[in-house]
């Protein structure tokens with residue numbers, strides 16, 4: 001069996017917060033943020049726009065795009081660091097919202113790499129014959145965990161959700177997930193983390209980041225993951241049609257594009273409008289390029305991400 005990417009969808013909160021708005025209450029400016037990160041604005045969720053709500057909206061769009069319905073969904077795998085509750089899993093709230101009456105679902109925590117991890121699991125389950133259709137979702141509310149007094153981190157993140165629907169296809173079909181490659185290094189966990197959890201009421205639960213160290217590791221690790229994916233499939237850099245990277249920092253994204261030898265117009269960038277939406281950033285960017293017609297059937301797309309843990313990974317998908 002092969003996992004075919006059948007549909008893509010996304011959801012962004014209604015409220016948009018620009019850099020200029022942040023500058024009115026923080027010691028920062030639009031130019032300071034944009035020059036260092038490429039970010040101009042971000043979407044911030046309201047109380048009603050929960051992790052599950054956004055995930056369900058993105059999933060509905062993905063199912064419509066695929067021409068599928070609730071009965072086609074065997075599994076819901078939701079990558080998030082900001083679930084609505086400790087349990088039940090937000091994936092099960094999504095299951096209820098969509099009217100999916102069979103199968104299973106669970107949340108997955110791998111920070112910004114969560115969507116790549118989730119795609120790998122769905123792909124493995126389809127290849128093994130355990131399921132035939134899966135919603136793979138990234139949904140994040142980082143506005144709830146950043147310290148809004150820390151200009152070094154709060155300006156970097158936004159909220160949103162992206163989803164794809166993958167279904168089983170013939171293994172002779174040239175489309176689909178070619179391979180996925182996952183990595184982690186727990187010894188680097190203290191350079192990007194959230195200082196709190198449900199089991200630690202004594203901690204405030206704010207995101208903490210050593211930006212310089214994260215940047216240094218990001219370029220190296222992502223380049224390794226990209227080369228690994230190409231080598232595993234006997235492909236060259238020039239075979240890649242599109243790079244859809246994690247949207248953390250424009251400088252990192254542009255560095256990865258140069259390493260692949262891709263012209264800027266072949267690298268999907270949404271960080272300027274969405275900021276860093278963690279596990280939601282890759283499917284949000286994928287949907288953006290899908291809807292406007294840049295990415296087409298038959299294109300070879302390279303997905304990659306790095307996040308706290310550290311975690312990182314890549315996936316090659318023939319659309």
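The values are calculated or read from the model by the stated rules, or taken from the named source; none is laboratory data. Given the structure is predicted, the values throughout are model-derived calculations rather than measurements. Note: ideal-geometry Cβ built from the backbone for every residue, glycine included; neighbour counts use all protein chains shown.
Sort out which residues of the range 86-99 are out of contact with any strand residue (DSSP E or B) (no Cβ under 7 Å at 6 or more places or on another chain) and modelled with pLDDT of 95 or more, and write them in order of number. Talk me through it step by step, then tell me what you get.
Residues of the range 86-99 out of contact with any strand residue (DSSP E or B) (no Cβ under 7 Å at 6 or more places or on another chain): 86-88, 93, 96-99.
Of everything in the range 86-99, those that are out of contact with any strand residue (DSSP E or B) (no Cβ under 7 Å at 6 or more places or on another chain) and modelled with pLDDT of 95 or more turn out to be 87, 88, 93, 96, 97, 98, 99.
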With (1) assigned to a helix (DSSP H, G or I); (2) more than 21 Å from residue 147 (Cβ to Cβ); (3) free of Cβ contacts under 8 Å to residues at least 24 places away in the same chain as the list, and residue 48 as the residue in question, which single condition is left unmet?
(1)
Spans of strands (runs of 3 or more DSSP E) in the range 206-319 with at least 3 residues touching a strand residue (DSSP E or B) at 6+ places or on another chain (Cβ under 8 Å) and under 15 Å from residue 177 (Cβ atoms)
300-307, 311-318
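Among the residues of the range 192-205, which ones are surrounded by 14 or more Cβ atoms within 10 Å (Cβ to Cβ) and part of a strand (DSSP E or B)? Before the answer, list the steps.
Initial filter on the range 192-205 (surrounded by 14 or more Cβ atoms within 10 Å (Cβ to Cβ)): 192-194, 196, 205.
Passing the criteria: 192, 193, 194.
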Across (1) without any contact (Cβ under 8 Å) to a residue 40 or more places away in the chain; (2) under 30 Å from residue 7 (Cβ atoms); (3) under 20 Å from the mean Cα position of the chain (by Cα), residue 253 clears everything bar (1)
I want to confirm something. Restricting to the range 238-263 and keeping residues that are closer than 19 Å to residue 295 by Cα and surrounded by fewer than 14 Cβ atoms within 10 Å (Cβ to Cβ), which single residue is modelled with the lowest pLDDT?
261
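Given the options 316, 306, name the one that is more than 23 Å from residue 42 (Cβ to Cβ) and modelled with pLDDT of 95 or more.
Working: 306 fails: more than 23 Å from residue 42 (Cβ to Cβ).
Testing whether each residue is more than 23 Å from residue 42 (Cβ to Cβ) and modelled with pLDDT of 95 or more leaves just 316.
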Given (1) part of a loop (DSSP other than H, G, I, E, B); (2) at pLDDT 95 or above; (3) closer than 28 Å to residue 199 by Cα, identify the lone condition not met by residue 39.
(3)
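Quick check on this structure: which one of 31, 59 is surrounded by 23 or more Cβ atoms within 10 Å (Cβ to Cβ), at pLDDT 95 or above and farther than 23 Å from residue 196 by Cβ?
Numbers: 31 fails: surrounded by 23 or more Cβ atoms within 10 Å (Cβ to Cβ).
Of the residues listed, the single one that is surrounded by 23 or more Cβ atoms within 10 Å (Cβ to Cβ), at pLDDT 95 or above and farther than 23 Å from residue 196 by Cβ is 59.
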Scanning for something under 29 Å from residue 5 (Cβ atoms), in contact with a helix residue (DSSP H, G or I) (Cβ under 7 Å, 6 or more places away or on another chain) and either assigned to a helix (DSSP H, G or I) or in the same structural domain as residue 298 (by TED's automatic domain parsing) (or both), does the range 133-146 turn up at least one residue?
yes
Kindly establish whether residue 123 is in a helix (DSSP H, G or I), out of contact with any helix residue (DSSP H, G or I) (no Cβ under 7 Å at 6 or more places or on another chain) and more than 26 Å from residue 302 (Cα to Cα).
no
Residue 183 fails exactly one of the following numbered conditions: (1) more than 21 Å from residue 121 (Cα to Cα); (2) assigned to a strand (DSSP E or B). What is the number of that condition?
(1)
Let me confirm something: among 189, 158, 152, which residue is in contact with a strand residue (DSSP E or B) (Cβ under 7 Å, 6 or more places away or on another chain) and either within 25 Å of residue 212 (Cβ to Cβ) or crowded, with 18+ Cβ neighbours inside 10 Å (or both)?
158
Looking only at the range 61-119, count how many residues are touching a residue at least 60 places away in the same chain (Cβ under 8 Å), closer than 29 Å to residue 218 by Cβ and in a loop (DSSP other than H, G, I, E, B).
4
